[in-house]
Each structure stands twice: as C-alpha cells, then as structure tokens.
Amino acid sequence: MIIDESLLEDLGGISGYRASAITTNSGEVIISDTQKLKTDLTEVTATFNDIFKNAHIVSKSIGLGQAELMEIHTDSAVALMVCSGEDARVHLHGFAIFTKDGNITLAKLMLNKILPKAVSALL
Amino acid sequence: MVSFKKQLTAKEKSDAILSSIKILNTESNNRNIIYIIEKLVKALLTASYARLWILNKEKSVLYSRTIDELEDIEIPIYQGLLGKTARSTEPFYVNDIKSSKSEYIKSSDNFEENNIKDMILIPIIKDKDVICVIQAMTSTYDIQQFTDNDLQTFKMLIPYIQSIDLYSTQKIEEEIKADNKDERKNNSEETIDNSILSKVFDFFK
C-alpha cells in the first residue's frame, strides 16, 4: 500500500463514524475503511468524487476559487469531502461518512489533518 | 491499482537527457529516434504515455511514426488539443482531462483509447513554425498530475529536439522503406528492442 491505511484510524474513533477513503482526484481509491458501511464504498466514493469534481469546476468558473471542502447532509448521514489542493503535483480527495448525530466538526478537522499526511507520505 | 511516480531530481533529469542525447547522436533511423525521444519524455515527466507528432503542413495533419510499425497515423490539426497545440506556440497541460472544459476530443487526442488522466502538450518550434508536437499523458491509475514544473522540465529538452532534423532522417528512412519494406519490418523491432532502447531503459532503472 503506497499510503498507510492506519492514517484513517483517527477518523474511526470519532462518534458517528461510518466509513472513509482517500482517493485520487479521478476517483481511484488509494486507501479505505468500510467496516461500518453496508454498501460498496468504491461506488459511493466514485459518485461523490464526481460531485466534488463538478464543485471544483463550478467554484472556479464563478470566481470563488478552489473547492476545498464539501459537506452533504442527508436524512440520516453526513458525507464530507476534502481536497488536498487542485494545482499540486499530488491532488487527493478525502471522503468520510458519518451519522447525522456524529461529531462532524471534529471529523472535518481530522480529515483536514489526515490529507496533508497522505500527500507527504507520497512525496 | 494506483501508483505514484516520484519526480526526478534536477541531476537525474539532466543525466537522462545527456544519456539519451548520446544514444540519439549515433542513431539515424527516424522511427528509432522518435521512439527514444518518447521514452525520454515519459521518464522526465513521469508520464505513462508519450507521443511525438510531426506536423505536415501541406496536408494539415499531425502524424505519428511509432504507433504502427508500417503505417503512419494521421490526425487533422483543426480539432482537439493536439490540433490546438499545432496551431499555437505555447505549451500547456490539462489535468483531469475527462472532466475539464478543454477542447479535448477523444477520437484525435486519445484515439488509442488509453486510460488517460492528465495531458501535457508542447509545440516544438523552429524558425517560427511548429515542426512537431509532443504529447504526454498520465494514466487513470497514476496519482501524480502535471504542474508548471513539468513545463519547465520540458523546456530543457526543446533546444535539442529543435536541432534534430526529423524531416531529412525521415526521407532517408523512406528511401530504405521503398527499397526493402519487408526487410525493414523484420529488423526494425529487433533493432529497437536489443540495441538502443535497452540502453535507455537501463539508464532509467
């Protein structure tokens, strides 16, 4: 594994945690943790990745700058997506799914902490 | 399976260029020369695919000599990113090409239908005219993407490619091709694999 899967362990300890993954900007999963999720995370991340990529394009085209974080609230869950930096040599996306009553603030902080570590592990 | 190719250091880049130049200086076969340049570009830019397209202004096409052993593949210059490069003077790159709003056209820019992710395109200009276009691409499974550094890296190589007379070496080869097409076909692959390319591959290991 080119990035250590244990990087995701810190997310697993946050209340409401369901699943997480780090992918390339094209949606290929590099590492993932799906133990608490019934559906196929590869399909889920690919779908959310497309949404996030569109957010990248739209936010740039309307002059808002680069998309860094996206948060989708559903009836029962919250999906978080974080970008490591669009123009860098390594452009990764971090995904995490939490239950709605989970600690979303801490989850966002943790995702933003994990992604630079994943980039550093490669360079 | 995703993979990450680390960028070469400045010394590794200049060593790679110098090594390839040494080999190219002893090579006269046009197809082999292009093949070695493509391999060098792939190594320098940590790309998975690279192709050198020669511009034929009379026919308004770009053609590649290394896709098929016997036939040259032609792409019209009025479409796609390859065409845009042939009509311009500036190198550029497009990351995540499939979701970008670029002029990318699959049938011409990626007619081999490789699993590509990012593309960098560099026009080689001689006497104010584009003589060829170099195209390099990462794979969907590559984590790295192109940056401005890659454009700078490539600029190291431009003066040398400008100095290669792709047209005259081509003429020489075509004369040979006309005289002995079948014999050239049999020998060409062997020549590439056994002599020149093995030296290049050894260097980049």
Practice prompt. Determine which single condition B:K6 fails, assuming it passes every other condition in (1) within 14 Å of chain A (Cβ to nearest Cβ); (2) out of contact with any helix residue (DSSP H, G or I) (no Cβ under 9 Å at 6 or more places or on another chain); (3) not hydroxyl-bearing (S, T, Y).
Written response: (2)
Practice prompt. Spot the failing condition for B:A16; the list is (1) touching a Phe, Trp or Tyr at 6+ places or on another chain (Cβ under 7 Å); (2) within 18 Å of B:D165 (Cβ to Cβ), and only one is missed.
Written response: (2)
Worksheet item: For the range B:113-148, how many residues meet the condition of being within 14 Å of chain A (Cβ to nearest Cβ), assigned to a strand (DSSP E or B), under 16 Å from the mean Cα position of the chain (by Cα) and among the polar types (S, T, N, Q)?
Response: 2
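Can you name the helices (runs of 4 or more DSSP H) wholly within the range B:1-87 that have at least 2 residues being in contact (Cβ under 8 Å) with a residue 12 or more places away in the chain, under 17 Å from the mean Cα position of the chain (by Cα) and under 25 Å from A:H91 (Cα atoms)?
B:30-44, B:80-86
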Worksheet entry | Residue, modelled with the lowest pLDDT, within the range A:52-100, restricted to residues that are of a type in the set (A, V, I, L, M) and loosely packed, with under 13 Cβ neighbours inside 10 Å | A:V58
Discussion item. Suppose the filter is surrounded by fewer than 22 Cβ atoms within 10 Å (Cβ to Cβ), of a type in the set (A, V, I, L, M) and part of a helix (DSSP H, G or I); does A:I14 pass it?
Written reply: no
Fill in: Total residues in the range A:22-49, condition closer than 19 Å to A:L7 by Cβ, small (G, A, S) and not in a loop (DSSP other than H, G, I, E, B)
1
Fill in: Those residues of the range B:120-131 which are within 11 Å of B:S88 (Cα to Cα), touching a residue at least 40 places away in the same chain (Cβ under 8 Å) and buried (at least 22 other Cβ atoms within 10 Å of the Cβ), in sequence order
B:L121
Worksheet item: Just a yes or no: is a residue in the range A:95-106 part of a strand (DSSP E or B) and within 16 Å of A:E5 (Cα to Cα)?
Response: yes
Practice prompt. Give the residue that is nearest to A:L92 (Cα to Cα), with candidates limited to residues of the range A:9-56 that are in contact with a Gly (Cβ under 6 Å, 6 or more places away or on another chain) and polar (S, T, N, Q).
Written response: A:N49
Worksheet entry | Test set (1) buried (at least 20 other Cβ atoms within 10 Å of the Cβ); (2) at negative phi - B:G80 fails condition number | (2)
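The values are calculated or read from the model by the stated rules, or taken from the named source; none is laboratory data. All values derive from a computational prediction rather than experimental measurement. Neighbour counts run over all protein chains shown; Cβ positions are idealised from the backbone, glycine included.
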